[in-house]
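Since the structure comes first, as C-alpha cells, the remarks are kept for the end.
Each reported figure results from applying straightforward, stated rules to the coordinates on display, with no laboratory input. Predicted, not measured: the structure shown is a model, and the values here were computed from it. Here the Cβ positions follow ideal geometry from the backbone for every residue, glycine too, while neighbour counts run over all protein chains shown.
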Amino acid sequence: MVVSRDDFSIAIRSAFLKKGTKQKFSLLALIIASIILLSLEAINSKSLNFVRSVVKDVVYRTSFITSMPGNSITSVFTKVQNYFEVYEQYEIVKSKLQQLENQKNEINYLKIENDKLKKVIDDTDIYNYESITTKVLVDKKSPFLKSVILNKGFNSGFKRGMPVLDGPYFVGRITEVNYLSSRALLINDLNSKISVVIEPLGYQAIMSGNGEKTALLEFLPKNHQLEVGGLVYTSGTDGIFFPGIPIGRVELIEKKFQIKFFSDLSQLYFVNVITSKPIGSKQ
Amino acid sequence: MVLFRKNFVSRFFNLIPLLIIFFLAFSETDFNFEKLSFLSFNLIYIVIFYWVLKNPDILGYGFIFLAGIINDVIIGLPIGVSSITYLILAGFAAYVRYLTVEPSLIYDWIVFVPSIAVTNSVYLYILRIFFDIEVDYIALVFNSGVTILLYPIIGILFNFLSKIIIVQKNV
C-alpha cells in the first residue's frame, strides 16, 4: 500500500472533521467537548457541583438498575457455592467458637479496664459517634481504581473524609458526596494513604494501597522488629480518622511486610459510615 | 406486521454494538477479573475500534462520547477522560478506514496495536500529569496486551454479526 503525504492529510481530515451519513457530530468537535469537560473538572463552583451531583446520582441509579440481572446471576452462583462450603465452614466455626469462648472472659475483663482508662484520659472513639448503615449501590471492579458507590449522600449527612466500616473493620473513606449517593475510596486503592499503628509494638506507619487484596506498610521506623501477625489499627494521628479502628493483620508477602485486611473488599454489600455526630446529640 | 417484524429485527441487530458499549459502561459487568487480573481486557475498546472501522453508522461518535462520560462517572474518573480515549481510538479507526482499500482482520489487528498504545498513553498521561491519580501501570499493560490478543477472536464474532446486519438490511 503506497500512500502519499496528501492521502495522509486527506485521511486525517476525513477521519476527524467529516461527519458520516448518520453522524451528528465530527470527532474533532467531540474531542474538544471532552477537553472542555475535563477542564471543568478543575473548577469548583457551587452550580457546577450541583450539576455534577445530579448527573452522578442519575447515572449511579441507572447503573444499579442495569447491574441487577448480572448481580442476581452472581448471587445465585454465590449461594450455590456457599451451600457446598457449608460443612467445611461448620468445622472452622466450631473450632473458632471454642477459641472465642476462651477469649470471651479475657475480653470482658479488658473491656472494663479499658473503659476505666478511657474515662481517665477522656479519649474519643468511633462508638461514641452515630453510624449510618448504607448499601453498596455499585461496585465496578476496575483494575486501576478501587472504590464503591454508596446508596446515601449528603441528604443523610455524609461528608467527605468520613470513615467507612465493614462491620467493625475499616475499609475506606468517603471521597465524593452527591445528594443521594456517595463514593467511598477503598483502602486498597493506589491513591489511598492512611496513618496506622501496629500493635503490640506500637509502630506508626503509613498504609498504602497497592490495588491488590493487601496494602503496603510505608515509613516504618528504621531497625524495626515487626513480626507477622501484628494487628493494624488506624492511628488517628492524621486528624481525619478515629484512632483504633481495626484494619488487618501484618503478613510477610514476597519478602515484604504487608497488611492483610480483615474485611473482604470485593464482597461489600452493606457498610457503616461513621458520622461526626455524637450519639445522643439532637443535631 | 411482517414488515414491522423485519424492521424490528434489523434494528435490533444494528443496535447490538451500541447496547454492548452502554451495558459495559453502565453496569457492574465488565471483563476486569479480580482473581485473574492478568486476563482482564477492555471490550469497549474492541467494540469501538471494530465498528468505527467496519460500519461507522452503527456506532455514532456522539454515543461513544456519552458512553465515555458514563464510564467516567461510574468508575470515578475525572469526567471526560474515557471520552477522549474512546474518541482517539475511534479517530484511529476512522483514519484507517479512509486509507484502507481492501479491509482484512489481520491488517486491522496490526493497526489496533499502535492505536491501543497511543490511546492508553493518553489515558495515563491525563490521569497522572493533570489529575495526579496513581494508576497501576502493570495492570494497564496486561489489560492492553490481552485486549490486543483478543481482538481477532472477537473480530471474527463481530464479522458474523456484521454479515447478519447486512443480510437483515437486504431482506
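Add -39500 (n - 2.57) for each DSSP H run of 4 or more in chain B, then divide by its residues: what number comes out at 222 nm, to the nearest 500 deg cm²/dmol?
Calculated from helices alone, the mean residue ellipticity at 222 nm is -25500 deg cm²/dmol.
B:V113 versus A:E254, label points 7 Å from Cα toward the beta carbon: distance in nm?
2.7 nm
Given the pairs A:K24/A:K140; A:K193/A:K213; A:K96/A:K256; A:K135/A:K260, which are separated by over 26 angstrom at their Cα positions?
Violating the 26 Å Cα-Cα cut-off are A:K24/A:K140; A:K96/A:K256.
Can you sort B:F130, B:F26, B:F160 from fewest to most other Cβ atoms within 10 Å of each residue's own Cβ?
Final ranking by Cβ density, sparse to dense: B:F160, B:F130, B:F26.
Tell me the net charge near A:L252. Cut-off is 12 Å between Cβ atoms, A:L252 excluded, with +1 for each Lys or Arg and -1 for each Asp or Glu.
+1
Over the protein assembly as shown, what lengths in whole Å, largest first, do the semi-axes of the equivalent ellipsoid take, defined as the square roots of 5 times the eigenvalues of the alpha-carbon gyration tensor?
Here the semi-axes work out to 48, 23, 23 Å.
What is the distance in Å between the Cα centroid of region A:198-256 and that of region B:72-109?
Each part reduced to its Cα centre gives a spacing of 42 Å.
Can you tell me which of A:F84, A:F262, A:F154 moves the most in a GNM of chain A? Springs connect C-alpha atoms under 10 Å apart.
It is A:F84.
Check the straight Cα-Cα distances from A:K277 and name the lysines below 19 Å, setting aside those fewer than 8 residues away within the same chain.
A:K152, A:K159
Of the residues A:S53, A:S235, A:S26, which exhibits the maximal mean-square fluctuation in a Gaussian network model of chain A defined by a 10 Å Cα contact cut-off?
The residue with the greatest mean-square fluctuation here is A:S26.
Tell me the relative contact order for region B:49-124 as a rounded percent, counting alpha carbon contacts under 8 Å between residues six or more apart.
Averaging sequence separation for qualifying contacts and normalising by length gives 33 percent for region B:49-124.
Any idea what the relative contact order of region A:61-210 is, in percent, if you count C-alpha pairs under 8 Å spaced at least 6 apart?
So the answer I get is 13 percent.
Hydropathy at least -0.5 by Kyte-Doolittle, axial extent at least 20 angstrom from the Cα trace: which helices of chain A, defined as entire DSSP H runs, fit?
A:27-41, A:46-84
Region A:202-283: which trypsin sites (Lys or Arg not before Pro) are DSSP loop and have at most 13 other beta-carbon atoms within 10 angstrom?
Counting only loop positions with at most 13 other Cβ atoms within 10 Å, the trypsin sites (Lys or Arg not before Pro) in region A:202-283 are A:K222, A:K255, A:K282.
Would you calculate the convex hull of the Cα atoms in region B:65-171 and tell me its volume per residue in Å³?
125 Å³
For a quick check: sort B:I153, A:I132, B:I58 by the number of other beta carbons within 10 angstrom, fewest at the front.
B:I153, A:I132, B:I58
Straight-line reach from B:K163: which lysines fall under 22 Å, measuring Cα to Cα and dropping same-chain residues less than 8 apart?
Leaving aside lysines fewer than 8 places away in the same chain, those within reach of B:K163 are A:K22, B:K6, B:K54.
Give the aspartates and glutamates whose C-alpha is closer than 19 Å to that of A:K116, dropping any in the same chain fewer than 8 places away, or say none.
Filter leaves A:E106, A:D125.
For chain A, what does the helix formula give at 222 nm: sum of -39500 (n - 2.57) over DSSP H segments with n ≥ 4, over the residue count, nearest 500 deg cm²/dmol?
-13000 deg cm²/dmol
Counting alpha carbon pairs within less than 8 Å and at least 6 residues apart, what relative contact order, in whole percent, applies to chain B?
28 percent
For A:D189, A:D264, what's the fewest-to-most ordering of other Cβ within 10 Å of each Cβ?
A:D264, A:D189
Considering the options B:W51, A:N188, A:G70, tell which one lies farthest towards the positive end of the dipole of the protein assembly as shown, charges being +1 on Lys and Arg and -1 on Asp and Glu at the Cβ, about the Cα centre.
Toward the positive end, the furthest listed residue is B:W51.
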